[in-house]
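> This is the structure, below, for whatever I ask next.
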Amino acid sequence: MKENVFDILDRRGFIKQTVFKDDLYQLLGTQSVTFYCGFDPTADSLHIGHFIPLMAASIMQKAGHKPILLVGGGTAMIGDPSNRNDMRQMMTRETIESYVEKIKPQLARFLSFEGDNAATIVNNADWLCKLNYIEFLRDYGAYLSVNKMLTADCFKTRLEKGLSFLEFNYMPMQAYDFLRLYEDYGCVLEIGGNDQWSNILAGADFIRRVARKDAYALTCTLLETKDGKKMGKTQKGALWLSAEKTTPYEMYQYFRNVDDEEVENCLKLLTYVDLDEIKELCAHRDERINNAKKRLAYEVVKLIHGEEHALSAQSQAQAAFEGGASEMPTVQLDANPDSPIIDIMVAAKVCASKGEARRLIEGGGVKVADKKVESVYGKVSDYTTESEFVLCKGKKTRLKVVLK
């Protein structure tokens with residue numbers, strides 16, 4: 001008998017909250033379920049925070065269920081107030097449409113668009129931008145409780161500082177998305193990150209009120225550090241799925257250097273590695289945990305960018321940190337040996353600003369050709385006469401610099 005996907009997701013740590021659990025469990029174990037997961041195009045790339053619901057969707061599809069990936073071209077025009085201290089910056093329709101087109105190929109990397117349970121990508125702008133407001137209020141307004149909406153977690157922070165009527169409409173629009181997908185595709189389950197719990201629950205409740213049919217909500221755990229902070233933040237900002245915004249090597253290095261306590265959880269949530277193998281990889285909290293980190297980094301890059309990029313990032317990391325510079329990440333700069341090291345660091349993009357570079361040097365965290373940089377006024381020629389050298393920032397960043 002085929003294993004229930006609910007059990008698979010639960011063992012890997014995906015499931016955070018759900019409603020009507022027993023009914024949903026039985027449904028997932030007895031038939032192919034059409035479900036959806038939504039992504040608002042608030043940037044020209046998805047980031048690592050989107051990875052977990054995408055992995056959950058992929059696991060569900062492999063178990064025989066049918067995914068719908070909804071790109072929020074319509075809801076992005078309103079802006080989700082969840083976990084926000086201020087209102088989102090409004091974007092033009094043209095910007096949103098350009099983001100939608102860039103995000104679609106990223107979604108397609110995780111799912112199959114062939115077979116009986118082929119994935120489907122939809123854009124809620126197709127129906128939300130055509131809604132007649134008066135008709136919407138007359139048809140559905142009576143099913144939306146203002147009192148209940150105001151108790152939702154996604155509104156609490158915004159209520160303290162001022163919730164606009166624009167943002168207040170986000171939850172009804174997302175609920176309507178679920179209803180449309182139920183009517184058009186037979187979709188009965190929405191999944192997403194746990195920060196979307198209020199919105200997802202509102203959609204399932206909306207279908208039960210309007211259509212008087214069963215609908216379900218399921219949220220996935222968020223990718224967090226041991227102290228409860230969101231993972232995926234780097235000195236450059238978010239850890240993006242776009243190779244142009246976060247290179248495969250940068251992605252590899254991020255996961256190669258996660259804390260020991262986070263490796264097992266990341267392997268369960270971000271890879272397809274078997275649980276028994278994960279247990280074996282993470283059995284020891286000494287230097288052997290580095291093998292688990294390397295495996296994690298390789299598998300994540302392979303999923304996002306493909307095996308070729310994963311192997312290349314792996315080779316570059318080995319060259320940079322385990323000897324040999326031939327395959328080390330390299331940058332060519334239009335500079336000379338008399339160039340200030342601070343300028344070199346900014347030009348090589350190991351620092352976002354000269355101020356950051358100064359602080360790193362003052363803290364003793366910068367080396368040129370294996371020599372610690374002692375002065376913020378130092379030049380390359382103070383440490384090496386070569387036009388090629390290795391620039392180190394802390395313990396995690398090693399870069400071969402070629403001056404030309």
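> I want to check the label-to-label distance for HIS284 and ASN257. Put each point 7 Å from Cα in the C-beta direction and report it in nm to one decimal.
2.4
> Which percent of the accessible heavy-atom area of segment 314-404 goes to carbon and sulfur, probe 1.4 angstrom?
45
> On average, how much accessible surface per residue is there in the chain, in Å², for a 1.4 Å probe, leaving out ligands, DNA and RNA?
About 49 Å² of surface per residue is accessible.
> Given a cut-off of 32 Å, name the pairs among LYS102/LYS229; LYS245/LYS372; LYS21/LYS396; LYS21/LYS226; LYS293/LYS404 whose C-alpha atoms lie farther apart than that in the structure shown.
Long pairs (Cα-Cα over 32 Å): LYS21/LYS396; LYS293/LYS404.
> Of GLN31, ASN123, MET90, which is farthest towards the positive pole of segment 8-147's charge dipole, taken about the Cα centre with +1 and -1 on the beta-carbons of Lys, Arg and Asp, Glu respectively?
The listed residue farthest towards the positive side: GLN31.
> Please tell me the relative contact order of segment 1-68 in percent, rounded to the nearest whole number, where contacts are Cα pairs under 8 Å and at least six residues apart.
42
> Ok, one more. Quick check: with the 1.4 Å probe, what order do THR34, THR92 take by accessible area, largest first?
Sorted descending by solvent-accessible area, the residues read THR92, THR34.
> Expressed as cubic angstrom per residue, what is the convex hull volume of the alpha carbon set of segment 335-404?
Dividing the Cα hull volume of segment 335-404 by its residue count gives 70 Å³.
> OK, next. Taking N as the number of residues in segment 303-362, what value does Rg over Cα atoms divided by 2.2 N^0.38 Å take?
1.41
> With no solvent and one point on each alpha carbon, what is the Debye value of log10 I(q)/I(0) for the chain at q = 0.10, 0.12, 0.13 Å⁻¹?
Log-scaled intensity ratios, in q order: -0.76, -1.01, -1.12.
> For segment 308-404, which chymotrypsin sites (Phe, Trp or Tyr not before Pro) are in a loop by DSSP, counting at most 16 other Cβ atoms within 10 Å?
Answer by residue number: TYR377.
> Contact order normalised by length for segment 256-382, with contacts defined as Cα pairs under 8 Å and 6 or more residues apart; what percent is it?
Computed value for segment 256-382: 15 percent relative contact order.
> Sorted by accessible area (1.4 Å probe), largest first, how do LEU189, LEU281 line up?
So, going from the largest accessible area down, we get LEU281, LEU189.
> At a 1.4 Å probe radius, which order do TRP127, TRP240 fall into by accessible area, largest first?
TRP240, TRP127
> So, with a 1.4 angstrom probe, what is the percent of accessible area on segment 168-306 that is carbon and sulfur?
Answer for segment 168-306 is 44 percent, counting heavy atoms of protein chains only.
> For segment 204-225 and segment 22-53, what is the separation of their C-alpha centers, rounded to whole Å?
For segment 204-225 versus segment 22-53, the Cα centre distance is 10 Å.
> Turning to a different aspect of this structure: Would you mind working out the magnitude of the charge dipole of the chain relative to its Cα centre, with +1 at each Lys and Arg C-beta and -1 at each Asp and Glu C-beta, to the nearest 20 Debye?
Roughly 660 debye, rounded to the nearest 20.
> Against the empirical 2.2 N^0.38 Å scaling, what ratio does the C-alpha Rg of segment 214-341 come to?
So the Cα radius of gyration is 1.23 times the expected 2.2 N^0.38 Å.
> Can you give me the orientation-averaged projected area of the convex hull built on the Cα atoms of segment 146-272, in nm²?
Averaged projected area of segment 146-272's Cα convex hull equals 10.9 nm².
> Using DSSP H assignments, which helices in the chain have an axial alpha-carbon span of 18 Å or above and a mean Kyte-Doolittle hydropathy of -0.5 or higher?
Helix filter hits for the chain: 197-210, 289-305, 307-321.
> DSSP loop (so not H, G, I, E, B), at most 13 other Cβ within 10 Å: list which GluC sites (Glu not before Pro) in segment 187-265 pass both filters.
Filter output for segment 187-265: GLU244.
> Of VAL368, PHE110, ILE342, which is farthest towards the positive pole of the chain's charge dipole, taken about the Cα centre with +1 and -1 on the beta-carbons of Lys, Arg and Asp, Glu respectively?
Value computed over the given set: ILE342.
The values are calculated or read from the model by the stated rules, or taken from the named source; none is laboratory data. On a predicted model such as this, the values are computed, not experimentally measured, just so you know. FYI the Cβ positions are ideal-geometry reconstructions off the backbone, even for glycines, and counts take in every protein chain you see. The protein model used for the area step is the full one, side chains on, heavy atoms only, and it has no ligands, DNA or RNA in it. Shrake-Rupley method; radii C 1.70, N 1.55, O 1.52, S 1.80 Å.
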